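Enquirer: Below is the structure I would like to discuss, written out as structure tokens.
The values are calculated or read from the model by the stated rules, or taken from the named source; none is laboratory data. Here the structure is a predicted model, which is why all the values come from computation and not from measurement. Counting neighbours? That spans all protein chains shown, and the Cβs are built from the backbone with ideal geometry, glycine included. Each accessible area value is taken on the protein alone, full model and side chains, heavy atoms only, with ligands, DNA and RNA left out. Shrake-Rupley method; radii C 1.70, N 1.55, O 1.52, S 1.80 Å.
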Amino acid sequence: MSRLLPIELRKIRRRYVWLLFLAALLVIFFWDLWAILRMKPESKWVLGQEYEYLLLDMALQNAIFLPIVIAAAASRLCDIELKGSALKMLCTLEKRIDIYHTKLVLGALYLLAYSLLQTAMLPLLVRVIQAHLQAPPQKMPSAQLALFFLSTCTVSMVLFIIQQTISLFSVTQIVPLFVGVGGSLLGLFSGFFPNAPFRYLLPQGYYWVFCTVNIYYIPETRDVTYYPIPFPTAVFAGFCAFGVLAYIIGRRLFMGREI
Amino acid sequence: MERNYVIQTRNLTKEYAVKKKAAETEAGAGTSRVVNRVDLAVPEGAVYGFLGPNGAGKSTTMKMLLGLIKPTDGDITILGTPLTSSGRSTMHERDRLDILRQTGSLIESPSYYAHLTGRENLQILCRLKNVPESEIDEVLALVRMERQQNKKAGKYSLGMKQRLGLAGALLGSPKLLLLDEPTNGLDPAGIQEMRDLIRTLPQNRHMTVMVSSHLLSEIDQMVDYVGVINKGQLIYQDSLLRLHEHSRKELCLRTDNNNRAVCVLQENGVPVQIEQDILSFPETKDERTVFLISALVREGVGVLRLWERQKSLEDIFLDLTGKQVSL
Ligand SMILES: Nc1ncnc2c1ncn2[C@@H]1O[C@H](COP(=O)(O)OP(=O)(O)OP(=O)(O)O)[C@@H](O)[C@H]1O
Ligand SMILES: [Mg+2]
């Protein structure tokens, strides 16, 4: 396993998987930056709740971008084994379980880096808001940021497990990419129906489910206000169990596959 | 002394589940036997030709040897180590791979990473096989791919991919080489080169080679042993020498009265066959041929043509096994 990871890294030369995640980060960064710079000085509603504003924003952005990015990344990591039927050769040299795990670990590393950078982006953007609106600094809600990091990692990893399994079985890679795009659209929609049970049905919807901030719209003043909601620990445990199940099924399918 | 076998199988069987409709035409209900109780014996240091028409089960057999697909039943012993017994793996996957690492393979289509250059592909393989990268130049020279080594493998022609695949299989000087139709996609010069290379491997590199093909003529000049598989059954397995003993020539005859000619020849104890107006019988000594022809002429049969013909492979297998096979 520790032997395979460096080999895997050499194999994915010129696949530019990191670029996908970087692109998503940049798009999110500039999108938020643009939104912030458009805030009028009288946008007082955001003051004192800069973090909440961004946490909700990024949950939305993750739900839009990550399903696609993860699908594309998993596909680019896996299709190299199928295009030139390299898997056939690989399976005569390495344990199948190691092959499966190496790809998962690699995906996890990308996702960790992504989640870390995104979480680090939050305080940075908060500074920008405060500078832009000349607002006093706000205390950093470390627990909320930690939960944001944790949930982004977890939901993404579960998505990655599913996408990797699909990708390892599809020669054309159209199916996994289709699943990614479809998941992204559904994940987006599920956000707009916060109280519908629908968002619990798809793993993509859980970027929302684990968001610790909710929004309240005040029609009279046309302002919005944010309020914290408790992290759904039981749901998180259930989701993790689902992730483990997805892993076990994916692994079993790959192990039994005839090549 | 008993020869050592590098590959030995007993009862090797693979069944695939098939849809109901298709199953009705097959013998077993619900399954089709793609490889049927095959007992392979590949002697050490030999080049073993594995012959069979399309769909005979060659690739399936070789994949089972490599553990890429699970046999339904049977035993597999490779390099003296039993890997599978009654269709079940006898050892931990890690130990099985230790054996398989001493095996180079090229199954069905060559394996390569399309986005990497030929050289980078071999570098990956070196690391996987724990072989020093200094071997790369040597195998590249063997398959004559030095000049294309820095081109992306995905942009190679089929023949070049095949060569790259062979180079990869040769890395680490494995004791056993499994090549499934390695000449696929090669030009005539390439086929000749491949043959020459394969033929020298046992001597120069102490390898045993199993090479599949659907044409005997293609591997005739490089193999010592032949196994013939047809519809999943191994119908012949022996040295090429023995096969050639059976491939005697025969004499063909055209006459103006075949019925009469058959009678005359049979009266003289000749096992004659008639097929599309042509009589054929095993080659005989010249004096006897003269005697037979004059006998025919004496009986009023007009001999139109007489010529010599190499017995076809199909006929040889028919003789040997009583089974019809089209190669
Ligand atoms: N996954 C599968 N499911 C069902 N049947 C299969 C499967 N794979 C192969 N077969 C059948 O097994 C038979 C043998 O296939 P195999 O690929 O071993 O033939 P082959 O001798 O290598 O032929 P070729 O010369 O064309 O390469 C074929 O009839 C094929 O249809
Ligand atoms: Mg084949």
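Enquirer: How large is the Kirkwood hydrodynamic radius of region A:118-171, in angstrom, based on all distinct alpha carbon pairs?
Expert: Numbers: mean 1/r = 0.0733 Å⁻¹.
Every distinct Cα pair counted, the radius reaches 13.6 Å.
Enquirer: What does the structure give for B:113-120 when I average, per residue, the other chain Cβ atoms found within 10 Å of the residue Cβ?
Expert: Values: counts 12, 6, 10, 9, 2, 0, 0, 4.
That average works out to 5.
Enquirer: Leaving ligands, DNA and RNA out of it, rank A:SER167, B:SER239 by accessible area with a 1.4 Å probe, largest first.
Expert: Values: A:SER167 0, B:SER239 25 Å².
Listed by decreasing accessible area, they come as B:SER239, A:SER167.
Enquirer: Taking the Cα atoms only, what angle lies between the long axis of helix A:174-192 and the longest principal axis of chain A, rounded to 10 degrees?
Expert: 20 degrees
Enquirer: Additional query: Just to be sure I understand the interface: list residues from region A:236-259 that lose 50 Å² or more of accessible area between the chain on its own and the complete protein assembly, 1.4 Å probe.
Expert: A:GLU258, A:ILE259
Enquirer: What's the whole-number percent of alpha carbon pairs in region A:4-256 lying beyond 29 angstrom? If you can, show how the numbers build up before the last one.
Expert: Details: 10916 of 31878 pairs.
Within region A:4-256, distances greater than 29 Å cover 34 percent of Cα pairs.
Enquirer: Counting helices only, and only those DSSP H runs with n ≥ 4, report the 222 nm mean residue ellipticity of chain A as the sum of -39,500 (n - 2.57) divided by its residues, in deg cm²/dmol to the nearest 500. Walk me through the numbers on the way to the answer.
Expert: Working: 9 runs with 181 residues, N = 259.
It lands at -24000 deg cm²/dmol.
Enquirer: Here's a follow-up. Quick one: Kirkwood hydrodynamic radius for region B:249-310, alpha-carbon pairs, angstrom, one decimal? Mind dumping the intermediate values first?
Expert: Working: mean 1/r = 0.0885 Å⁻¹.
The Cα-based Kirkwood calculation yields 11.3 Å.
Enquirer: Can you pull out the buried accessible area for chains B and A, both sides counted, probe 1.4 Å, rounded to the nearest 100 Å²? If you can, show how the numbers build up before the last one.
Expert: Details: alone 17250 and 13330 Å², together 27720 Å².
Chain pair B/A: roughly 2900 Å² of buried accessible area.
Enquirer: Using helices alone, what [θ] at 222 nm do you get for chain B, with -39,500 (n - 2.57) per DSSP H run of 4 or more residues, divided over all residues and rounded to the nearest 500? Don't jump to the answer; show the numbers that get you there.
Expert: Numbers: 12 runs with 116 residues, N = 327.
After summing the helix terms and dividing by the residues of chain B, the value is -10500 deg cm²/dmol.
Enquirer: If you take every DSSP beta bridge fully contained in chain B, what fraction is antiparallel? Give it as a percent rounded to 5. It would help to have the intermediate numbers written out before the result.
Expert: On the way: 39 of 57 bridges.
Antiparallel: roughly 70 percent of the beta bridges in chain B.
Enquirer: Using DSSP to call loops (not H, G, I, E or B), can you name the trypsin sites (Lys or Arg not before Pro) in region A:65-95 whose Cβ has at most 11 other Cβ atoms within 10 angstrom? Before the final figure, lay out each step's value.
Expert: Working: sites: A:ARG76, A:LYS83, A:LYS88, A:LYS95; in loops: A:LYS95.
The qualifying sites: there are none.
Enquirer: Let me ask something else about it. With a cut-off of 8 Å between alpha carbons and a minimum separation of six or more residues, what is the relative contact order of chain A in percent? Present the calculation step by step, with values, prior to reporting the outcome.
Expert: Working: 276 pairs, mean separation 73.1, N = 259.
Answer for chain A is 28 percent.
Enquirer: On average, how much accessible surface per residue is there in the protein assembly as shown, in Å², for a 1.4 Å probe, leaving out ligands, DNA and RNA? Write down the numbers at each step before the final one.
Expert: Details: 27720 Å² over 586 residues.
About 47 Å² of surface per residue is accessible.
Enquirer: From the alpha carbon gyration tensor of the protein assembly as shown, can you work out the equivalent ellipsoid semi-axes (sqrt of 5 times each eigenvalue) and give them in Å, largest to smallest? Intermediate results must be reported in sequence, preceding the final value.
Expert: On the way: eigenvalues 957, 118, 86 Å².
Value: 69, 24, 21 Å, ordered largest first.
Enquirer: Now for a separate question. Hey, any idea what % of the protein assembly as shown's accessible area is carbon plus sulfur with a 1.4 Å probe?
Expert: Values: 15830 of 27720 Å².
That share works out to 57 percent.
Enquirer: Percentage of Cα-Cα pair distances in chain B greater than 32 Å, rounded to whole percent?
Expert: Values: 22525 of 53301 pairs.
Summing the P(r) tail past 32 Å for chain B gives 42 percent.
Enquirer: Also: Taking Cα pairs under 8 Å and at least six residues apart, what relative contact order does chain B come out at, in percent?
Expert: Numbers: 611 pairs, mean separation 60.9, N = 327.
Normalised by residue count, the contact order of chain B is 19 percent.
Enquirer: Using only atoms on other chains, find how many Cβ atoms lie within 10 Å of each Cβ of peptide B:152-159 and report the average. Walk me through the numbers on the way to the answer.
Expert: Details: counts 1, 3, 3, 0, 1, 0, 0, 0.
For peptide B:152-159, the averaged partner shielding equals 1.
Enquirer: Which residues make up the longest stretch of chain A clear of GluC sites (Glu not before Pro) that lie in a DSSP loop with no more than 16 other Cβ atoms within 10 Å, not counting the sites? Working shown, then result.
Expert: Values: sites that count: A:GLU42, A:GLU220, A:GLU258.
Here the longest run is A:43-219.
Enquirer: Give me Rg over Rh for region A:1-151, both radii from the alpha carbons and Rh done the Kirkwood way, two decimal places. Walk me through the numbers on the way to the answer.
Expert: On the way: Rg = 19.7 Å, Rh = 17.6 Å.
So for region A:1-151, dividing Rg by the Kirkwood Rh gives 1.12.
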